[in-house]
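First comes the structure, then the notes that go with it.
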Amino acid sequence: MKNLKVTGLTCGAILFLSAAVSATEVPQPQNENGIITAEEWSAIYPEIYESLRMNADNNYRVDYLKQDSYLSNVYEGYGFAKDYTSAVGHDYCLDDVKNTERPHPTANCLTCKTPDFTKLVNDMGVEAYLYDFDETWAQMNENVSCYNCHENQEANEDGNLVVTHSYVTKALGDEMAQMDPATLACGQCHIEYYFQPDTKETSMPYNSVAAMAPEAILAYYDEIGFSDWTQESTGTSMLKAQHPEMETFLGEGSIHAKMGLNCASCHMGTAVSEEGNTYVSHRFQSPLDSPELLETCAVCHKDTDMTKKVHDLQDEITGRETEVGEKLSALKDALAGAVADGSRSEEELNELRSLYRSAQWYWDFCYVENSEGAHNSALARKCLDTSESLIDDAMGKLGA
Ligand code: HEC
Ligand code: HEC
Ligand code: HEC
Ligand code: HEC
């Protein structure tokens, strides 16, 4: 079996051949990108494959710009003011990144969308980030898939997880040995990152778990003089936080990380197939949408109504997000006014800009985190309170 040359055979023949492969034999990649696709694994792991396909069912979208009308003002001058909808399941990654109205000239935007790009970076080095977006996109075959989390390796009972995204390895290095592999697997993409201005290399703004905190990340960006964009009306070098799920989950105030839970504990349940096989579901979903996952909460939360517990917390946090977001928007207008009327010295304006940049960062760090407070409400509150006091400080100085 091993020596069979299958290149050039039809799809049906490949499926037939892999079905005959014994459960311990790893299929060979059939495409020029060199990754074993989910479909190629499906003969060995049919249930896991089917569950991975179910990520297409996570298709509920919120248009944040419509929901939170102050957003486009805060993000003025940046792509997120044009197009910003909530995350959906992994199956939509490639289409979404192609169709977004946010500018995406180079291939770096593919970093977290497809294993084909992960492999390209691993093969070609960081210069791949500068490749033309459209040309590279056309060569990509599939959305987030087995290779991202398992490389081309047979997954054994422990899941045999491999960190394939090189910027994570570069940033965390030896510390990864002490980290939970099933948190790192998701954290490869569900993190804060930035692109190096010249090379567009995807990079992380810290090199240890201890330095994942929002204040440490801000200090790092300030030190290297990094900004995602310059907002013309206020003349401010702005930051855009990404989706710091791993930082929030591992950060100060997180209860579950200390208790030994990982991302898979709450987002990947154990399921039983029709044939009675137990397998790990690879439908990555909200624990509230899965009876199996909710049962795992009960081990510690006993009789608590988890849906209510989570929703109460999210209502509180998103309510505060709106409150602080609207104040941030007002600060932006007041600062733009001061810039326009020439009433302040450049020194005064720079002090105000710095407060505004920091306030936006802390608010954003909470706003863009996808659990809306559920992962770590203490950190969410702290970020919003910090943002608010920076806004109040700046508004006081503006006499607004
Ligand atoms: C986004 C990351 C991710 C992707 C994509 C992914 N896996 Fe996994 N896989 C995991 C994690 C995390 C675990 C460990 C889960 C746990 O500890 O409960 C796991 C566990 C497994 C296991 C061990 C299951 C067991 O019984 O213990 C197998 C086998 C496996 N994956 C195969 C696959 C295959 C095949 C694909 C593609 C069709 C795939 N995985 C795609 C993250 C991923
Ligand atoms: C290779 C990058 C990558 C990895 C690894 C990854 N994700 Fe994602 N994830 C994404 C992207 C990108 C999106 C948003 C897709 C979109 O909106 O088009 C997303 C979206 C999601 C969503 C949103 C679904 C919804 O309906 O709101 C969940 C839940 C999720 N991921 C969980 C996980 C978990 C759990 C893991 C680890 C087992 C993981 N992801 C690993 C890139 C990744
Ligand atoms: C203790 C359980 C728990 C752990 C551990 C956990 N999460 Fe979550 N996560 C949640 C809850 C609860 C929500 C909110 C779900 C909702 O709004 O329906 C959530 C929401 C999310 C979302 C948004 C999905 C959606 O459907 O809205 C993503 C993405 C996500 N988590 C990723 C991660 C990642 C990545 C990790 C690990 C770094 C992680 N989670 C660890 C419980 C957990
Ligand atoms: C290993 C035990 C354990 C498991 C399993 C567990 N939790 Fe928790 N969780 C706790 C403890 C302890 C607290 C702190 C006390 C409290 O708020 O109930 C907590 C707090 C929370 C909070 C509040 C977090 C915050 O930052 O304010 C949420 C939300 C939550 N859990 C959701 C879940 C969900 C959803 C699941 C299942 C998918 C789950 N938990 C599974 C132990 C656990």
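Remark on Thr236: its backbone amide H falls under 5 Å from those of Gln231, a criterion applied only to residues 5 or more positions apart or on other chains, H modelled at 1.01 Å from N.
Counting 0.36 nm for each residue step from Asp123 to Gln153 and taking away their Cα separation leaves a gain of 9.1 nm. Charged side chains reduced to their Cβ positions (Lys and Arg at +1, Asp and Glu at -1) give the chain a dipole of some 140 debye around its Cα centre. Extension gain for Asp333-Asp57 works out to 95.3 nm (0.36 nm per residue, less the C-alpha to C-alpha distance).
Relative to the current alpha-carbon distance between Arg344 and Asp289, full extension at 0.36 nm per residue lengthens the span by 14.5 nm.
Of the cross-linked pairs Lys98/Lys332; Lys240/Lys332; Lys170/Lys382; Lys119/Lys258, which ones have a Cα-Cα span greater than 21 Å in the structure shown? Listed pairs above 21 Å: Lys98/Lys332; Lys170/Lys382; Lys119/Lys258.
Secondary-structure-derived ellipticity at 222 nm for the chain, considering helices only, amounts to -14000 deg cm²/dmol, per-run term -39500 (n - 2.57) for DSSP H runs with n ≥ 4. Simple spin-label estimate for Glu274 and His301 gives 3.2 nm between the two label positions (7 Å along the Cα-to-Cβ direction from each Cα).
Rg/Rh for the chain stands at 1.00; both radii use Cα atoms, and Rh follows the Kirkwood definition. Between Phe249, Phe133, Phe117, the Gaussian network model of the chain with springs among Cα atoms under 10 angstrom shows the greatest mean-square fluctuation at Phe133. Entry note, the chain: relative contact order of 14 percent, from Cα contacts under 8 Å with a spacing of 6+ residues.
Assuming R0 = 51 Å, can you tell me the calculated FRET efficiency for the pair Gln139 and Lys66, based on Cβ-Cβ distance, to the nearest 0.05?
It comes to 0.90.
The distance separating the Cα centre of the range 79-147 from that of the range 281-303 comes to 30 Å.
Taking the Cβ of Tyr78 as the centre, find all other residues whose Cβ is under 14 Å away and add up their charges (Lys, Arg: +1; Asp, Glu: -1). Residues near Tyr78 contribute -1 overall. Each residue of the range 265-277 was assigned a 3J(HN,Hα) from its phi angle through the Karplus curve 6.51 cos²θ - 1.76 cosθ + 1.60 (θ = phi - 60°); the sequence is 3, 10, 10, 10, x, 8, 10, 10, 7, 4, 7, x, 7 Hz, with glycine and proline shown as x. Electrostatic tally near Val97: other residues with Cβ closer than 12 Å to its Cβ, Lys and Arg +1, Asp and Glu -1, net -2.
For the chain, the membrane-span-like helices by this rule, meaning whole DSSP H stretches whose C-alpha atoms cover at least 18 Å of axis and whose Kyte-Doolittle mean is -0.5 or above, are 306-341, 377-398; this says nothing about an actual membrane. Taking amide H positions as modeled 1.01 Å from N, with prolines and chain starts lacking one, the residues under 5 Å from Thr106 and 5 or more places away or on another chain are Phe133.
When the Cα positions of Ala330, Leu313, His375 are compared along the charge dipole of the range 277-394, His375 comes out farthest toward the positive end, with charges on each C-beta of Lys, Arg, Asp and Glu.
The packing ranking of peptides 287-298, 303-314, 32-43, highest mean first, is 32-43, 287-298, 303-314, where packing means the average number of other beta carbon atoms within 10 angstrom of each residue.
Values in this text are rule-based calculations from the coordinates and carry no lab data. Since we're looking at a predicted model, the values are computed, not measured. Neighbour counts are summed over all protein chains in view; Cβ atoms, including those assigned to glycine, are modelled from backbone coordinates with ideal geometry.
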